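A quick write-up on the structure given underneath.
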Amino acid sequence: MTVLVLYATIEGQSRKIAEHAAAQLEKAGQGVVLADLREPGFAIPGRFDGVLLCAPIHVGRYPDSVVRFLIDWKAALADVPTALISVTLGIYSKDAEDRAEAESYPAKLEKKTGFHMNRIHHAAGALKFLEYDFFKRMLMRQIAAAEGGPVDTSQDHEFTDWAALDSFVGEFADDVALAARA
């Protein structure tokens with residue numbers, strides 16, 4: 001059994017999460033092909049036993065490459081187990097409304113693409129202060145301060161719950177194995 005793990009990334013955290021998920025799938029006995037969704041020539045989804053997509057939310061939406069992929073490949077994706085890891089700092093918010101908004105993005109993606117994911121996991125991303133330009137660093141620091149989060153811009157701050165992610169990926173690996181036996 002082989003799983004296609006695709007990611008789109010802006011600042012690198014979605015790639016890191018996808019790489020971690022791929023390693024967990026391999027530990028579960030799955031073959032894995034890991035690819036950046038934006039790179040041409042990635043594998044054809046219909047040739048895999050499952051597809052895991054890891055995508056960030058920035059400025060209230062997923063990258064265009066994610067939307068295009070789901071629209072273009074929804075017929076092939078409908079034939080295999082699928083999962084989405086939705087990456088956003090909003091899921092880490094102390095404000096219930098912010099978390100609810102973060103949780104709503106996969107449904108908006110489904111409405112836009114017409115494709116329903118079998119499983120969805122919400123993962124908090126990271127504040128990549130060391131990678132931001134001055135203006136973005138100050139803006140993100142201000143947002144973090146308003147949330148009561150870290151404001152030390154001399155280092156990055158990661159909020160991904162790796163144990164919860166491992167549990168999700170394990171459940172998805174079970175889905176793929178079950179579908180392959182059917």
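The values are calculated or read from the model by the stated rules, or taken from the named source; none is laboratory data. Keep in mind it's a predicted model, so treat the numbers as computed, not measured. Note that each Cβ is placed from the backbone with ideal geometry, even for glycine, and that neighbours are counted across all protein chains shown. With ligands, DNA and RNA removed, areas are computed over all heavy atoms of the protein, side chains included. Shrake-Rupley method; radii C 1.70, N 1.55, O 1.52, S 1.80 Å.
For segment 145-163, give me each residue that is of a type in the set (A, V, I, L, M, F, W, C), touching a residue at least 40 places away in the same chain (Cβ under 8 Å) and either open to solvent by 40 Å² or more (accessible area, probe 1.4 Å) or in contact with a Cys (Cβ under 8 Å, 6 or more places away or on another chain) (or both).
Within segment 145-163, just W162 meets the criteria.
Give me a count of the residues in segment 60-76 that are over 23 Å from L89 (Cα atoms) and among the basic types (K, R).
2
Considering only segment 33-48, how many residues are without any contact (Cβ under 8 Å) to a residue 40 or more places away in the chain and crowded, with 18+ Cβ neighbours inside 10 Å?
Number of matching residues: 2.
What tally of residues in segment 81-126 results from selecting those that are in contact with a helix residue (DSSP H, G or I) (Cβ under 7 Å, 6 or more places away or on another chain), in a loop (DSSP other than H, G, I, E, B) and touching a residue at least 24 places away in the same chain (Cβ under 8 Å)?
10
Given (1) touching a residue at least 60 places away in the same chain (Cβ under 8 Å); (2) more than 21 Å from A124 (Cβ to Cβ); (3) in a helix (DSSP H, G or I); (4) not charged (D, E, K, R), identify the lone condition not met by H20.
(2)
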